[in-house]
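One structure below.
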Amino acid sequence: MLDLSRRQFITLLGGAAATWALAARGQQPAMPLIGFLSSVSASVTSKRISSFGQGLSDTGYTVGRDVTVEARMAEGQDDRLPALAADLVNGRVRLIAASGPVAAFAAKRATTSIPIVFVAAFDPVQAGLVATLNQPEGNVTGVTLIGAKLGGQRVELARELVPNGGVIAVITNPNSTDASEELRDVQNAARAAGQELVVVAATSDRDLGAAFAVIVQGHAQVLLISMDPFLIQSTSQIIALAAQHRIPAVYATSESVAAGGLISYGPSISNAWRHAGVYAGTILKGTRAAELPVVQPTEFELVLNLKTAKALGLEVPPTLLARADEVIE
């Protein structure tokens, strides 16, 4: 058994879960234990936890010294989330951080007493997760990325990126709470602009190859990727397929651009998780989750990858370069 005083923030990979903790199961933790419940993979979740830890640090908690974070990942298989949430509750966590709407609901169903801090791109009031944004009530609060409000802006970005593009395609997950409102926003914006739009569904990795075949057959010249946990989980495959078919793609997160995607527009995921960490630290100090309003981002970032643009043979308009918050060269 490892000495509890030597706990460090580590990653243990295996199956559908990973654990950041050195405490043996069943032992009373020597420091507050936070459970991190995520829909996506360990590699993506580790970035979320890093930003979350920065927020905790802002409130005086250092991961590994003052608090332990134990994570459970569904690896894109959301049906595993209820069991993973129950496992965290049974592990006597002091708080649960939930990444994505399905994870947030799984955590809420698993406990009505343990505080929950979520980060997700959906309307938590309309979905029934919280009562109101200002007064969430119950044991749940967090950050909404309001991805549904940005679909129209991404349509205009695609039109500016490929001004002669006759067809815009969008990949969406019809089973996703995150993507449904965003798709309506995209469709409304395309209709208002007289823009031809091809909507392609994908709910699993095996759908993506067929989805790109439909996109190519439909002669789409630019592609939008919805903000959805599955699509974020599959970013590497989507980037590879976009490169293979030489289709410029607009993503919802800057992390996708850092991984080789062309361009993104949306709220900063790292800032959102840092704020969630601040909320977690505030709750550990005694504030109730119900007293903390759900936060909405007010700033959005435009990120460009010129390496990818060059590989696609695409000349990025100077107006986009001038507006970009970050350019990867």
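The values are calculated or read from the model by the stated rules, or taken from the named source; none is laboratory data. Computed from a predicted structure; not experimentally measured. Ideal geometry is used to build each Cβ from the backbone, glycine not excepted, and the neighbour counts take in all protein chains shown. These area figures cover heavy atoms from the full protein model, side chains too; ligands, DNA and RNA do not enter into them. Shrake-Rupley method; radii C 1.70, N 1.55, O 1.52, S 1.80 Å.
Go through segment 26-78 and give me each residue that's without any contact (Cβ under 8 Å) to a residue 60 or more places away in the chain, of a type in the set (D, E, K, R) and closer than 15 Å to Pro229 by Cβ.
Arg72
Mind telling me which of the residues Thr11, Thr68 ends up being at pLDDT below 95 and among the polar types (S, T, N, Q)?
Every option except Thr11 fails the conditions.
From the set of residues in segment 296-329 that are buried (at least 18 other Cβ atoms within 10 Å of the Cβ) and of a type in the set (S, T, N, Q), which is farthest from Ser264 (Cα to Cα)?
It comes out as Thr308.
Of all residues in segment 28-41 being among the small types (Gly, Ala, Ser) and open to solvent by 10 Å² or more (accessible area, probe 1.4 Å), which is modelled with the highest pLDDT?
So, considering only residues that are among the small types (Gly, Ala, Ser) and open to solvent by 10 Å² or more (accessible area, probe 1.4 Å), the one modelled with the highest pLDDT is Ser41.
Conditions tested, residue by residue: (1) within 19 Å of Pro174 (Cβ to Cβ); (2) open to solvent by less than 30 Å² (accessible area, probe 1.4 Å).
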site	(1), (2)
Val198	yes, no
Leu208	yes, yes
Val216	no, no
Ala220	yes, yes
Ser226	yes, yes
Phe230	yes, yes
Ser236	no, no
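Scan segment 298-313 and tell me whether some residue there is outside any strand (DSSP E or B), without any contact (Cβ under 8 Å) to a residue 60 or more places away in the chain and among the basic types (Lys, Arg).
Yes, that holds for at least one residue.
State the number of residues belonging to segment 257-283 that are open to solvent by 10 Å² or more (accessible area, probe 1.4 Å), closer than 22 Å to Val162 by Cα and either among the basic types (Lys, Arg) or in a helix (DSSP H, G or I) (or both).
1
Cβ contacts < 6 Å: first residue under 16 Å from Ser176 (Cα atoms) and in contact (Cβ under 8 Å) with a residue 40 or more places away in the chain, restricted to segment 120-136; second residue of a type outside the set (Val, Ile, Thr) and assigned to a loop (DSSP other than H, G, I, E, B), any location; separation 6+ or different chain. Result?
Ala120/Gly100; Ala121/Leu145; Ala121/Met227
With among the basic types (Lys, Arg) and part of a loop (DSSP other than H, G, I, E, B) as the only criterion, which of Arg92, Arg72 stands out?
Of Arg92, Arg72, the one residue that is among the basic types (Lys, Arg) and part of a loop (DSSP other than H, G, I, E, B) is Arg92.
Find the residue count for segment 146-156, including only residues that are of a type in the set (A, V, I, L, M) and open to solvent by 10 Å² or more (accessible area, probe 1.4 Å).
2
Within segment 45-61, is even one residue within 19 Å of the chain's Cα centre (by Cα), at pLDDT below 85, within 30 Å of Ala202 (Cβ to Cβ) and crowded, with 17+ Cβ neighbours inside 10 Å?
No, segment 45-61 has no match at all.
If you scan segment 96-136, which residues turn out to be assigned to a helix (DSSP H, G or I), modelled with pLDDT of 95 or more and open to solvent by 10 Å² or more (accessible area, probe 1.4 Å)?
Across segment 96-136, the qualifying residues are Phe105, Lys108, Arg109, Ala110.
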